[in-house]
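S.K.: The following block contains the structure, expressed as structure tokens.
The values are calculated or read from the model by the stated rules, or taken from the named source; none is laboratory data. For clarity, every value in this text was computed on a predicted model and none was experimentally measured. Here the Cβ is made from the backbone with ideal geometry for all residues, glycine too, and neighbour counts use every protein chain on show.
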């Protein structure tokens, strides 16, 4: 597929296309309370770090998007808070005017009908090159392994380090990162926390949420904990830290 991959800074008129990805993520993933700190301002405040892939044959919609954010991180280890912690730290850095020294990926999303054509790898390569172009030498990513939802009961610290006979990760998305030059560093055990009332979880998933205990939700990487007595459910998603030294 012939694609033009540009930043929102280069093509600001394309920013509305970022919102045209209905169905790309499961509904419950839209309700991380930390997310709006980034997505509500991303195209205005971080346009150099937001990428769109456009098929010239259909210029009125994007086939892929990629979000990243600059931040200051000087600690040796990347945070167990993962995705949520990155959004929080980047927001604090921006408000305080703190100089940034690394970039973190936040999302690479491919339109469902064109998945399976290697576009994720192309967007990752474009994000790596964009990070380098902007003067940074490190891109990190709290990766959401694409195959983990099929084994929700397997601990992430076991799944993330499973490899094939050729030494590459079993997980396809982790394998793409490693092939691109990334190194798996650690598990972010509480990368994304999504709380909700039981009514909200029923609306998001179509499941009854009528018994206290773990609930296996389609496309969730681990079970959601349902607490009927207290009327809420909580999803704590683990991700995998990958570092790209550019």
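S.K.: Go through the range 29-59 residue by residue and tally those that are surrounded by 13 or more Cβ atoms within 10 Å (Cβ to Cβ) and either within 22 Å of residue 130 (Cα to Cα) or in contact with a strand residue (DSSP E or B) (Cβ under 6 Å, 6 or more places away or on another chain) (or both).
M.R.: Let us first name the residues in the range 29-59 that are surrounded by 13 or more Cβ atoms within 10 Å (Cβ to Cβ), namely 29, 31-32, 34-35, 37-39, 42-43, 45-55.
Then drop every residue that is not either within 22 Å of residue 130 (Cα to Cα) or in contact with a strand residue (DSSP E or B) (Cβ under 6 Å, 6 or more places away or on another chain) (or both), which leaves 31-32, 38-39, 42-43, 45-55.
Going through the range 29-59 one residue at a time, the tally reaches 17.
S.K.: Next question. Among the residues of the range 66-99, how many are closer than 16 Å to residue 49 by Cα and surrounded by fewer than 17 Cβ atoms within 10 Å (Cβ to Cβ)?
M.R.: Matching residues across the range 66-99 total 2.
S.K.: Right, residue 17: surrounded by fewer than 21 Cβ atoms within 10 Å (Cβ to Cβ), in contact with a strand residue (DSSP E or B) (Cβ under 7 Å, 6 or more places away or on another chain), in contact (Cβ under 8 Å) with a residue 24 or more places away in the chain and more than 25 Å from residue 218 (Cβ to Cβ) or not? Before the answer, list the steps.
M.R.: Values: surrounded by fewer than 21 Cβ atoms within 10 Å (Cβ to Cβ): yes; in contact with a strand residue (DSSP E or B) (Cβ under 7 Å, 6 or more places away or on another chain): yes; in contact (Cβ under 8 Å) with a residue 24 or more places away in the chain: yes; more than 25 Å from residue 218 (Cβ to Cβ): yes.
Here the answer is yes, as residue 17 does meet what is asked.
S.K.: Can I ask one more? So which residues in the range 181-202 are assigned to a helix (DSSP H, G or I) and surrounded by 15 or more Cβ atoms within 10 Å (Cβ to Cβ), if there are any at all?
M.R.: Of everything in the range 181-202, those that are assigned to a helix (DSSP H, G or I) and surrounded by 15 or more Cβ atoms within 10 Å (Cβ to Cβ) turn out to be 198, 200, 201, 202.
S.K.: Another question, if that's okay. Would you please name the residue that is modelled with the lowest pLDDT, looking only at residues in the range 41-60 that are in a loop (DSSP other than H, G, I, E, B) and within 17 Å of residue 108 (Cβ to Cβ)?
M.R.: Per the stated criteria, the residue is 55.
S.K.: Answer yes or no as to whether residue 128 is modelled with pLDDT of 95 or more, farther than 27 Å from residue 77 by Cβ, under 18 Å from the mean Cα position of the chain (by Cα) and not in a loop (DSSP other than H, G, I, E, B).
M.R.: no
S.K.: Here's another thing I want to ask about it. Could you please find all residues in the range 146-175 being crowded, with 16+ Cβ neighbours inside 10 Å and assigned to a helix (DSSP H, G or I)?
M.R.: Correct list: 148, 149, 156, 159, 173, 174, 175.
S.K.: Taking the conditions exactly as written (under 26 Å from residue 5 (Cβ atoms) and in contact with a strand residue (DSSP E or B) (Cβ under 8 Å, 6 or more places away or on another chain)), does residue 65 satisfy them or not? Even if it seems obvious, please write down each step before you answer.
M.R.: Working: under 26 Å from residue 5 (Cβ atoms): yes; in contact with a strand residue (DSSP E or B) (Cβ under 8 Å, 6 or more places away or on another chain): yes.
In short, yes.
S.K.: Still on this structure, I have one more. Can you tell me how many residues within the range 91-125 are part of a helix (DSSP H, G or I) and farther than 23 Å from residue 181 by Cβ?
M.R.: Number satisfying all stated conditions: 9.
S.K.: Then there's this: Within the range 1-20, take every residue that is in a loop (DSSP other than H, G, I, E, B) and in contact with a helix residue (DSSP H, G or I) (Cβ under 9 Å, 6 or more places away or on another chain) and give me the one that is modelled with the lowest pLDDT.
M.R.: Step one: filter the range 1-20 for residues in a loop (DSSP other than H, G, I, E, B), giving 1-3, 8-11, 20.
Among the residues that remain, those that are also in contact with a helix residue (DSSP H, G or I) (Cβ under 9 Å, 6 or more places away or on another chain) are: 1, 3, 8-10.
Working: 1: 74, 3: 91, 8: 98, 9: 98, 10: 97.
It comes out as 1.
S.K.: Shifting gears a bit: Restricting to the range 206-218, name every residue that is surrounded by 13 or more Cβ atoms within 10 Å (Cβ to Cβ) and either out of contact with any strand residue (DSSP E or B) (no Cβ under 8 Å at 6 or more places or on another chain) or closer than 17 Å to residue 105 by Cα (or both).
M.R.: If the condition is that a residue be surrounded by 13 or more Cβ atoms within 10 Å (Cβ to Cβ) and either out of contact with any strand residue (DSSP E or B) (no Cβ under 8 Å at 6 or more places or on another chain) or closer than 17 Å to residue 105 by Cα (or both), then no residue fits.
S.K.: Right, here's the next one. Which of the residues that make up the range 35-72 are within 22 Å of residue 195 (Cβ to Cβ) and under 13 Å from the mean Cα position of the chain (by Cα)?
M.R.: Quick first cut of the range 35-72, residues within 22 Å of residue 195 (Cβ to Cβ) only: 35-40.
Once the filter is applied, which keeps residues that are within 22 Å of residue 195 (Cβ to Cβ) and under 13 Å from the mean Cα position of the chain (by Cα), the range 35-72 yields 35, 38, 39.
S.K.: While we're on this one: Tell me which residues, restricted to the range 131-145, are farther than 13 Å from residue 242 by Cβ and surrounded by fewer than 22 Cβ atoms within 10 Å (Cβ to Cβ).
M.R.: Residues satisfying the conditions are 132, 133, 134, 135, 136, 137.
S.K.: Right, here's the next one. Residue 134 passes all but one of (1) closer than 24 Å to residue 123 by Cα; (2) within 20 Å of the chain's Cα centre (by Cα); (3) touching a residue at least 40 places away in the same chain (Cβ under 8 Å); which number fails?
M.R.: The single condition residue 134 does not satisfy is (2).
S.K.: Restricting to the range 86-129, give me the number of residues that are out of contact with any helix residue (DSSP H, G or I) (no Cβ under 9 Å at 6 or more places or on another chain) and in contact (Cβ under 8 Å) with a residue 60 or more places away in the chain.
M.R.: 8
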